[in-house]
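Below is one structure, written out as structure tokens; the observations come after it.
Readers should treat all values here as calculations from the given coordinates under stated rules, not as data from a laboratory. Keep in mind the model is a prediction, meaning the values are calculated, not measured. Cβ placement follows ideal geometry from the backbone for every residue including glycine, while neighbour counts extend to all protein chains displayed.
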Amino acid sequence: LPVDASGRVLELLLILDRHWERNRLGGAYNLVWVGPMAHNTVEFARSQLEWMAAPLGAQFDGQRGHPLALRNVTICSCSSEAERAVGDGNPSCVLASGTALDHGPARDLLLRWGSNPDNLVLLTDSTGCPPRGDVWSGRARGGTGGTE
């Protein structure tokens, strides 16, 4: 899933982490977030508890732990780290920075994993995405892909 670096990705991570926990998917499926500032983003968000929605604050106050503990998420700083995290052969859900697929880990992983028909790219935000095929056509011309 190509995602933004700090906004919507936190919402998606909360939803997916809860889904992984409720359905006990942790042993069978990997949930990975990759981005150069991912560690910093989650640490900053954890420090802003007073600005979160009331139910999240109540979860913290009720001693059920911090809502952004993200126990089922492996946080990685680069695409090579993410590849190691999913290297166990289990199916994986990878959220990667670079919504537009023109830079960053999302683009790198698309170019590495995109030709495998077993993989799926799920776009969570269609604004700013390059026209379909631009990444692949750049690759075919010998470029690095993206909007060169």
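Remark: segment 1-46 carries a charge dipole of roughly 160 debye about the Cα centre, counting +1 on each Lys and Arg Cβ and -1 on each Asp and Glu Cβ. Computed extension length for ALA53-ARG18: 11.0 nm, one decimal, from 0.36 nm per residue of separation with the Cα-Cα distance subtracted. When each of the peptides 110-122, 93-105 is scored by how many other beta carbons lie within 10 Å of its residues on average, the order from highest to lowest is 93-105, 110-122.
Seen from LEU12, the other residues with C-beta closer than 12 Å to its C-beta sum to a net charge of -2, counting Lys and Arg as +1 and Asp and Glu as -1. Paramagnetic label reach from GLU43 (point 7 Å along Cα→Cβ; backbone nitrogen cut-off under 17 Å): within segment 1-33, residues 6. Nearest 0.05, what FRET efficiency do GLU81 and ASP125 give at R0 = 25 Å with Cβ-Cβ as r? Plugging the Cβ-Cβ distance into 1/(1 + (r/R0)^6) gives 0.55.
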